[in-house]
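Report on the structure given below.
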Amino acid sequence: MLSSFIFDFFFDYTFRTVALGSLVLGFVSGTLGAFAVLRQQSLLGDAVSHAALPGLVLAFLISGSREPAVLLAGAIAAGGLGMLYVTMITRHTFLKQDTALGIVLAVFFGFGMVLLTYVQRLPTAGKAGLDAFLFGQAATMLVQDVVVMASLGAGALGILVMLWKEMKLITFDPHFASTMGFPTRTLDVLLIILTVVAVVVGLQMVGVVLMSAMLVAPGAAARQWTDRFNKMVLVSGLIGAGVGVTGSVISSRVARLPTGPTIVVILSGVVMFSLLFAPGRGIHFRTRIRKKQRWQFAAETLAVHLLNHEGSPEEATENSLTALERHLGWDLIFAQRVARWAVVNNLVSQTDGSLRLTSLGRETAKKVMVR
Amino acid sequence: MDTSRNALEIMDLTVAYHNKPVLWDVDLSVPEGILLAIVGPNGAGKSTLIKAVLGLVPAAAGQVLVYGKPYPEQRPLVAYVPQRGSVDWDFPTNALDVVMMGLYGKVGWIRRPGKNERKLALDSLHKVSMADFADRQISQLSGGQQQRVFLARALVQDASLYLMDEPFAGVDATTERAIIDLLRELRSAGKTVIVVHHDLQTVTQYFDWMMLLNVRRITSGPVEQVFTEENLHRAYGGKIAFLSSSSSPPAEE
Amino acid sequence: MTPEQIEIILIAVVVAGNCALVGTFLVLRKMAMVSDAIAHSILFGIVVMFFYTRSLASLPIIAAATLTGVFTVVMVEGLVKTRLVKEDAAIGIVFPALFSIGVILINRYAATVHLDTDVVLLGELAFTPFDRLMIAGHDMGPRALWLAGMVGIANLTFIALFFKELKLVIFDAGLAASLGFSPLVVHYGLMSLVSVTAVSSFEAVGSILVVALMIAPPASAYLLTDRLGLMLILGPAIGGISAVAGYFMAFILDASIAGSMASVTGIFFTAVLFFAPQRGLVSLMRRRRRQRLQFAGEMLLVHLSRHLGQPEEMEESSIEHIGRHLRWEENFGKRVISHLLHQSLVRLNAQKDRLLLTERGKTLAEERLGN
């Protein structure tokens, strides 16, 4: 299986194109997506990608060509126009960004569909190329597509790397950035433009409808694995690239498996896995910690109780499990489990149902009492 | 009028949101080397005043001079400590990195901060007793510790005029102490500090000047002159009857 | 017009009205993008049920899709509660996942599922008259019309019953809770309605354009009035008009009906955005210019009154000083002063180089300061 993949990579033209293309596109959208997630603008990508559709179709309608550069220019223009409209609505009315995004997303897309259905009825329609932009069709990628998209993506990434610390700063604290003299608003617009480019570049792979997930999911997953900004953006790019390649290759091998949805399903799996099992932040990790803290707390309470009565006349009665039931309000089963946890962790020893502090247990109890 | 000796000179500053005035024709002269508290009821425009000075909200009219020149020419002389709630503390970064951001302006475009900046940032964290937390992810810091990180970020800017927006809000006693020590240190180094403050009880202890603000400037000057029942009444209306007993003259430090 | 055309228009109008009705609450609660999420993810429920029932307008499908819609909201809220991702990212992760699974199922089982991706994106309004509701051999009209009508009645009933509660939850959820209205019940009730409405509109307009119908007309209405009751009438009316106009636009262009409807809602919104009598951009600009003058005048009055009787009065009230100090453009300053002179709020001194407040001016300045 693996050897046939490697063989195909060197000798199968389609395979190589698809794999290389998805690698680049996935990396670009993953990288910029990390910024979108951190800026809490995840849904911006959704609006941009949908808004790109009419630009795409109009570019085809006007030029009559299916040159990727022409189509992408149209898409970028329309996506940018959509964002401009969103900004205008939110700046001058009391309507909130979500409303503006919703309107731009659906209305631009609707207009795009009007154009698309119109184009499809034209006798000259080279419509296959356009349809691929709805749900993505990695298999239709040509080398020239990859070249155009890769250069666009490389340009976007180049600008991002050059302005790395500025972009990081406006993502974390835009007001502070502007007090240091950085033109926050211009940088903001630039970052949105770069995002538009990333979205448009990924369209042929994932499609208009699901492109937003390609931005959001890698960033959201990557955030769980690291607490460092640079690493997070890199991991996000790598997740985008990895999933992009995997999804594209699978979909180009299996009949009737559209690329976009395939990639998104795999991505969602990655996100779920990250949310559950990422060390430090993951849900699984946190529940374990919380459980441990609960036992720790109970065992400490037990240790303090034992310490209080150590050496006193009533010690013999107080160090039994039934005394715990009476004095600490624990039921017998819970008391047993706490005692067992404490024994396992070497805080107390248990002989014939009576509990005695170990030296570690005594230390712990003393520390707790000081706290 | 010689304004060049003043750290900050605000003249006829008016700020309006949608034509509703938030600040009305505010004048303020801040001499160099003092600790000034801006005090006033909620919605008095205290934070807005600082933001307007920094150009973060547009002024409808008026003028702001920092050491005698318009603010944009004097940016490097001014450091800003925003409200703690203004950023997302779940941002993937650590305390040291946040402090280094204070140097981005000096580092200039495109260049990256390097070893030297790291050292400066660490020194600055040290000054707020946060050096041990340099590598700590910022969401794992307590509110007070986060506030101190913000202070360290302003310190590293090595400015002459410090503007702080509610640095005492919701911090623990240790941090409050640390901030006060820091403010005094800054003052003895000849710096000027302007602090938006919400706690009338501590004004007289912590600050040497105060400004009472309620949309317009009620009055400003040395605390012992300004902190009078009558002035407070003018700023707060009838809402501070409880204070009349505590309006003692400021304690000498 | 043929009876089929009339039926199509009727269905379109009822669907658009339904969408605008529930959409009003989404816009007001700043949850517009939730419509996007629900409208996409219900595809999952629809496809799964479609294997069993074959007709879109059937109860099991509606039930399954509604459940999926509410499930989406629950998932998003659950993710937000983990605090591992922000709300925007949570939305951007959940709905693409469910939608993708739906699209893959459609593609994989295209032969058995009589649904294709065009229907998903555009609906098939043109075919709705052919699916008729037959009761005891009598033709009762198109099934889709019945469905939309029933959903409309359900929506209206819910809104009529809970009008007060809805209003309270929109404007002050905290207060609503303290008064004993459970915002949660109203919230999930509303989410169920959005889901049901999205399913019932799915056949007519597909899962993306339904967002246009839910968001654009209420947003337009919001720019025209801020009374909830009036919004609930205006929104559906705008939706209905857009539906009819969209139908004719599609007829003329021979293009997608749903796409045209969405486009018209967008055109409508844009027109309102610019030309709404109170909140439109044109009237806003005009009013801003006028208010700027008036505001500047008041500012000058306050300035004069503050320095009244002070030692610096001579300097502060000189025309030359005012121009310099308030940093107005020379022409604007002149206009402000002549505006004030004209209203006899100020007068000139004998040398005509200083401004003096009149009694009226003093009163106005004090009023302004007092507030």
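The values are calculated or read from the model by the stated rules, or taken from the named source; none is laboratory data. Quick caveat: nothing in here was measured; it's all calculated off a predicted structure. Counting neighbours? That spans all protein chains shown, and the Cβs are built from the backbone with ideal geometry, glycine included. Only protein heavy atoms, including side chains, enter the accessible area calculation; ligands, DNA and RNA are left aside. Shrake-Rupley method; radii C 1.70, N 1.55, O 1.52, S 1.80 Å.
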Interface residues of region C:205-238, defined as losing at least 10 Å² of accessible area versus the chain alone with a 1.4 Å probe, are C:ILE208, C:LEU209, C:VAL211, C:ALA212, C:ILE215, C:ALA216, C:ALA219, C:TYR222, C:LEU223
In short, region C:18-39 residues buried by 50 Å² or more of accessible area relative to the isolated chain (1.4 Å probe) are C:LYS30, C:MET33
Assuming R0 = 35 Å, can you tell me the calculated FRET efficiency for the pair C:ARG292 and C:LYS30, based on Cβ-Cβ distance, to the nearest 0.05? 0.70
In whole µm²/s, the translational diffusion coefficient that Stokes-Einstein assigns to region A:324-371, given a Kirkwood hydrodynamic radius over C-alpha pairs, 25 °C and 0.890 mPa s, equals 217
The aspartates and glutamates whose Cα lies under 12 Å from the Cα of C:LYS334, excluding any fewer than 8 residues away in the same chain, are C:GLU320
So between A:MET369 and A:ILE333, what do we pick up on full extension, going 0.36 nm a residue minus the alpha carbon distance? 10.4 nm
Which of the three applies to region B:102-185, rounded, prolate or oblate, going by the alpha-carbon gyration tensor with a ≥ b ≥ c and a/c under 1.5 meaning rounded? prolate
Note: A vs C interface, total accessible area buried (1.4 Å probe; ligands, DNA, RNA excluded), nearest 100 Å², is 4800
For the pairs A:LYS165/B:LYS115; A:LYS231/B:LYS106; A:LYS165/A:LYS231; A:LYS168/B:LYS106; B:LYS20/B:LYS46, note any where the Cα-Cα span goes beyond 18 Å. A:LYS231/B:LYS106
Across region C:3-278, qualifying lysine pairs (alpha carbons under 20 Å, at least 8 places apart or different chains) come out at 4
Taking both sides together, what accessible area is buried at the B/A interface, probe 1.4 Å, expressed in Å² and rounded to the nearest 100? 2700
Given R₀ = 25 Å, FRET efficiency for C:LEU284-C:ARG227 by Cβ-Cβ distance, to 0.05? 0.80
Nearest 20 debye, what's the magnitude of the dipole of region C:49-141 about its Cα centre given +1 on Lys and Arg Cβ and -1 on Asp and Glu Cβ? 340
Before I look further, what does chain A give for accessible area per residue, probe 1.4 Å, in whole square angstrom? 41
Would you mind putting C:96-109, A:16-29, C:206-219, A:76-89 in packing order, based on average other-beta-carbon counts within 10 Å, highest first? C:206-219, A:16-29, C:96-109, A:76-89
In the neighbourhood of C:ILE38 defined by beta carbon distances under 15 Å, the net charge of the other residues (Lys, Arg +1; Asp, Glu -1) is -4
Could you go through region A:323-328 in sequence order and give the Karplus-derived ³J(HN,Hα) for each residue, using 6.51 cos²θ - 1.76 cosθ + 1.60 with θ = phi - 60°, rounded to whole Hz, and x for Gly and Pro? 5, 4, 4, 6, 8, 9
Computed magnitude of the charge dipole of chain A (debye, nearest 20; Cβ of K, R +1, Cβ of D, E -1): 180
About its Cα centre, the protein assembly as shown carries a charge dipole, from +1 on Lys and Arg Cβ atoms and -1 on Asp and Glu Cβ atoms, whose size in debye to the nearest 20 is 660
Skip the ligands, DNA and RNA, and give the accessible area per residue of region B:6-246 with a 1.4 Å probe, whole Å². 38
With a 1.4 Å probe and every protein chain kept in, tell me what percent of the accessible surface of the protein assembly as shown is carbon plus sulfur. 60
Using amide H atoms built 1.01 Å from N in the peptide plane, name the residues 5+ places from B:LEU213, or on other chains, whose amide H lies under 5 Å from its own. B:VAL39, B:GLY40, B:ILE218
If I require 15 Å or longer along the helix axis, counting alpha carbons, and a Kyte-Doolittle average no lower than 0.5, what helices from chain A are left? Use full DSSP H segments. A:13-38, A:42-63, A:68-92, A:97-120, A:143-162, A:184-206, A:211-225, A:229-253, A:259-277, A:332-344
Suppose all protein chains stay in the model; what accessible area per residue would a 1.4 Å probe give for region C:172-280, in Å²? 33
Phi-derived 3J(HN,Hα) across region B:171-181 with the Karplus relation (6.51, -1.76, 1.60, θ = phi - 60°), rounded Hz, x for Gly and Pro, is 10, 6, 4, 4, 5, 4, 4, 4, 5, 4, 4
Any residues in region B:112-149 that have 40 Å² or more less accessible area with all protein chains than in their chain alone, probe 1.4 Å, and which are they? B:ARG112
If you fit an axis through the alpha-carbon atoms of helix C:87-108 and take the longest principal axis of the Cα set of chain C, what angle between them do you get, 0 to 90°, nearest 10? 30
How would the protein assembly as shown be classified by its alpha-carbon gyration tensor: rounded, prolate or oblate, with rounded meaning a/c under 1.5 and the a/b versus b/c comparison settling the rest? oblate
At R0 = 41 Å the Cβ-Cβ FRET efficiency linking C:THR157 and A:ILE283, nearest 0.05, sits at 0.55
B plus C alone minus the pair: what accessible area, both sides summed, probe 1.4 Å, in Å² to 100? 1700
Using Cα centres only, tell me the gap between region A:243-283 and region B:19-42 in whole Å. 55
